[in-house]
Amino acid sequence: MKDEVTREERVAGLKGLGCSRKRVEDARFTQGKGNYVDDIKLPGMLHGDFVRSPYAHARIKSINIDAAMALPGVTAVLTAKDLEPLGLHWMPTLAGDKQMVLADGKVLFQGQEVAFVVASDRYVAADAVELVEVDYEELEVIVDPFKSLQSDVVLREDLVAEDGSIPNGAHGPRKHPNHIFTWEAGEEEATNQVIDNADVVATEEMYYHRTHPCPLETCGSVASMDKVNGKLTLWGTFQAPHVVRTVASLLSGIEEHNIRVVSPDIGGGFGNKVGVYPGYVCSIVASIVTGVPVKWVEDRMENLMSTAFARDYWMKGKISATKEGKITGLHCHVTADHGAFDACADPTKFPAGFMNICTGSYDIPVAYLGVDGVYTNKAPGGVSYRCSFRVTEAVYFIERMIEVLAIELNMDPAELRSINFIKKEQFPYTAALGWEYDSGDYQTAWDKALLAVDYKGLRAEQAERVEAFKRGETRKVMGIGLSFFTEIVGAGPVKNCDILGMGMFDSCEIRIHPTGSAVARLGTISQGQGHATTFAQILATEIGLSAESITIEEGDTDTAPYGLGTYGSRSTPVAGAAAAMAGRKIRAKAQMIAAYLLEVHDNDVEFDVDRFVVKGTPEQFKTMKEIAYAAYNQAIPGLEPGLEAVSYYDPPNMTYPFGAYVCVMDIDVDTGVPEIRRFYALDDCGTRINPMVIEGQIHGGLTEALAVALGQEIAYDDMGNVKTATLMDFFLPTAWEVPNYETDFTVTPSPHHPIGAKGVGESPHVGGVPCFSNAVQDAFRPFGNRHTNMPHDHWRIWQTANNLGMHD
Amino acid sequence: MIPAAFEYYRPTDMAGVIALLQEHGDDARVIAGGHSLIPMMKLRMADVPHLIDLQAIKGLNGIAITDGTVTIGAMVTQHEIINSAEMEKAAPIMKEAALQIADPQVRYMGTVGGNVANGDPGNDMPGLMQCLNAQFHLTGPDGDRTVDARDFYEAAYMTDREDEEVLTAVSFAAPVGGFAYEKQKRKIGDYATAAAAVQISKEGGKVAAASIAMTNLSDTPVWSDSAGAALVGTACDDAAVKAAVTAMLGDIDPTEDNRGPVAFKRHAAGIVLGRAITRAWSRA
Ligand SMILES: Cc1cc2nc3c(=O)[nH]c(=O)nc-3n(C[C@H](O)[C@H](O)[C@H](O)COP(=O)(O)OP(=O)(O)OC[C@H]3O[C@@H](n4cnc5c(N)ncnc54)[C@H](O)[C@@H]3O)c2cc1C
């Protein structure tokens, strides 16, 4: 009839689910046309900069701002004394603790914010910072969490009662003034019993070093208080703009409708931009005080030294098994170094995040996890760097324990994994530490991966290499790194997940315009993930309009519906689900309009790609474009005009992406230089929305995994000085260091997600870190290595070889 | 990371530069490519109230190779070194070393003069110049003078150059024989964990002459006379290489930093030198 376009062409025209649509964001990013916080320039805007503590622990005896104030161009210098009357010298953290906005009597870490200088430009501000005189009295510094729990030195005097007793913290009783919380999951006694009576037990201690997400764009904000209409506008590097608005309202007393928070383009977040930083608060206060806009943008060193770090987990594990290798129990204890304030970004009830996913991909009958949070003289944080809450730590832990157990059993680690996988027919599977895994098919993925790399062939080659090494024919050893990970993402069900009391739902609001194009707004915010591309694809398939005709907007709290933001791979599992659900509401109304236009009953039409057709007579149809127009130009009995929908989605469960990774590495034992020969990554993220975007996410996540495993750390000396505060020492890999990645996939859709998608942005990081680390450790296994701590930089690898006598 | 305020000058002749240096003494510094100096100023580790740009001074550019002598103007960039066909013919070690400095962006700006005058033990050119037995040409209020690269470095950031002197060029006799510049670093853009510059000439299957210099293993570059001597007259066999490494280890004095502890650095230095000697010998 009138329709000469084939169905396939119609599907392709949508650019919907499964299409490798090019990223719509890239035109602007690749041409330098992005609009980041530091690009915002407002008339009369002033610039803020911090005086920061050179000491890790010191009392502040006095602060003299006279010389700074005398510098032409300086408008104000704020100290804790100025913030105190407003009740803003401290602020609540996301973890139920509080944190100094500006040093109140003492400093607790190097780089801590002491005073905020406001000046006509950033050059004057930087000069004024130098002129603020602070008189410090140095105190004993504690950088070791174990020593901290033994020490008489009280770091947080505000958390000790006058009679010397230790009041409960946000997560219950505290055992020591420097102790933050104990958090437990599982059954300790039952676990111990199993382990004590087991055939085989492997124990290991491992340190997952402190590192930092280090987004290319550092953190910053621009606050503009309009004193005439009482409205505050705040632009900033926020991964959760709506939560920032709520916090800003609670802190400042400004009613929430009078606050507009905008996250413009964000140059990477990786968890670093979830929290609320003193700079944000100070820019707001400074704008209120001065009546003009105030910008604060930190530099690279400030970002590395003072904004949220990641990891810093001291993990102690015990794993038991039968002689045949069937795991019977797992015990894990973590001493978590949280720095000077507990500013972890975790759901309220989870002070150690989802560390209790540490049973991994394995069917472990009984397990126990205990975590003790500890204060030290280091920067606060503890964010999820490209992972769901503490999931990289959990996966690293179990993937190392498996390797150590394999050594104990004298068994191949690939086989040991196979023996213990949760089987396909066991899903939904409730793990010993409580989580209900929604779906999985681990063995299929594992077999595919091992076949792809010719695992048996690699092991044979490795054995030959060991012999050649022993004969003195080579100085290079070969490692085969394995990792099988299960993530837990998409936080999360409101019944157990909240941040500052806000349930972790997310949202989508769609407006279809009369001409058949649309705008959709979500409560999340892209930081490079490509939401404008992929969310439009979800909607295209759901509502039958081309993705090219759908604009995605996020990040402006005046226009976007409330949502909890983007981190923990939650955007697709939660906001993506909201988008699909809102799309379905549109479709439901469209169905009624179509039926009216086609003069049949609602149930006599069905959706087909981009239209509704009369069942059995496909040549009778109305396209979504026609329906959209009708929604605005016709009076349809019983229906309101317009075509809009909103959905707030409370996910019934988390999603559980998984994957199988293999890394082949050659290591020069004399220089400690590793060379990655091959990296194979199979990911199962359920339904695949855009394979090209998935591949990009995997490349990025693997590269950050390589960084963390092979050298990226925030290191402190005994005096609490940060030793790695510039990119000369803090390892950010370039194209040169990055190997070629081979990506692969299986598809096991999430049974509870509207489109079966699970989230993928963080998987490669979660699975990649243990894979790179295992490759290093595996290379030395034939020479007696059991475990060495990351980061595996040259000298530490050399040290491993040296300790094994390989230089003798 | 914003530097303190400074006055910027761009004189067009050397007399103007020297006059400014004389006028401001300690408070003035010349800037060449700026890729060592500007980071230091931004970190406020260098306070330079008067910054004198050398870009407009004539006579500091260009590579000249005449009668077996290689002369490199102070303002020649590392990028130019890499791309000079004559340089590759006359002293191929220069290209091999320059390619291991920083990254292309830095090499477009960083100059040979700045690299050798800077006095940072991490810079690669000073050791290289010592290996080549180069001369540094300086000019100042009292006229021109020449200093051996091997006598130029006193301690970290301390050199024989007077505050009022400018380095105009480096020169050396085009080396003969085999060469190698071997550098271990943590990543692209990093200074050396250990680096070795080696030139070896061969006669009748034996080492006729050898020159060896090490980088970032002491507070100055280390030209190891004894390491070179250990090779002379040998067939550069394993024992000779070992002897040279042992001699070199007697001359270096590394300190612990983020690149690793002293024991590792000494080990890496030995490995790096061994490899450099082997490669240089294979080319000799
Ligand atoms: C990321 C990064 C990585 C780097 N990695 C390496 C590396 O691996 N190896 C390496 O060798 N270098 C490295 N560098 C340094 C780089 O090579 C510098 O460019 C070089 O050290 C200095 O040259 P310049 O021309 O930039 O000098 P400038 O920075 O302009 O000057 C450096 C110093 O020398 C003085 N000076 C400059 N020219 C003269 C002159 N003609 N007479 C007297 N004094 C002079 C200046 O006053 C100043 O004190 C790196 C730099 C960066 C930013």
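Read-outs throughout are calculated quantities, based only on the coordinates presented, and are distinct from any laboratory measurement. These figures come from a predicted structure and were not determined experimentally. Neighbour counts run over all protein chains shown; Cβ positions are idealised from the backbone, glycine included.
When restricted to Cα atoms, segment A:397-478 yields an Rg and a Dmax of 16.7, 52 Å, respectively. Largest first, the three principal axis extents of the alpha carbons in segment B:63-173 are 36, 32, 22 Å in whole numbers. If you bin every alpha carbon distance in segment B:7-53 into 10 Å steps from zero, what whole percent lands in each bin? Computed distribution, short to long bins: 29, 54, 16, 0. Helices in chain A, meaning DSSP H runs of at least 4 residues, each add -39500 (n - 2.57). Divided by all residues, the mean residue ellipticity at 222 nm is -8500 deg cm²/dmol. So what's segment A:103-142 giving for Cα Rg divided by 2.2 N^0.38 Å, two decimals? In units of the 2.2 N^0.38 Å rule of thumb, it is 1.39.
Across peptide B:261-268, the average count of Cβ atoms from other chains found within 10 Å of a residue's Cβ is 4.
The GluC sites (Glu not before Pro) found in segment A:460-540 that occupy coil by DSSP, while having at most 16 further C-beta atoms within 10 Å, are A:E473.
For the options B:K187, B:K206, B:K265, a Gaussian network treatment of chain B with springs between C-alpha atoms closer than 10 Å singles out B:K187 as fluctuating the most. Within 10 Å of the Cβ of each residue in A:726-737, the mean number of Cβ atoms contributed by other protein chains is 3. Estimated translational diffusion coefficient (Stokes-Einstein, Kirkwood radius over Cα pairs, 20 °C, 1.002 mPa s) of segment B:180-283: 159 µm² per second. Dividing the Cα radius of gyration of the protein assembly as shown by its Kirkwood radius returns 1.00 for Rg/Rh.
Across peptide A:666-673, the average count of Cβ atoms from other chains found within 10 Å of a residue's Cβ is 4. Taking every Cα-Cα distance in segment A:206-352 and sorting them into 10 Å bins starting at zero, the pair-distance distribution P(r) comes out as 10, 33, 27, 15, 8, 5, 2, 0 percent. Close amide H contacts of A:R570 (hydrogens built in the peptide plane, cut-off under 5 Å, sequence separation of 5 or more or a different chain): A:G490.
Per-peptide packing, taken as the mean over residues of other Cβ atoms within 10 Å, places B:62-71, A:767-776, A:190-199 in the sequence A:767-776, A:190-199, B:62-71 from highest down. Taking B:P221, B:P39, B:P126 in turn, the Gaussian network model of chain B (Cα-Cα springs below 10 Å) assigns the largest fluctuation to B:P39. According to the Cα-based calculation, Rg over Rh for chain B is 0.98, with Rh computed by the Kirkwood formula. Projected over all directions and averaged, the alpha-carbon convex hull of segment A:703-799 occupies 9.8 nm².
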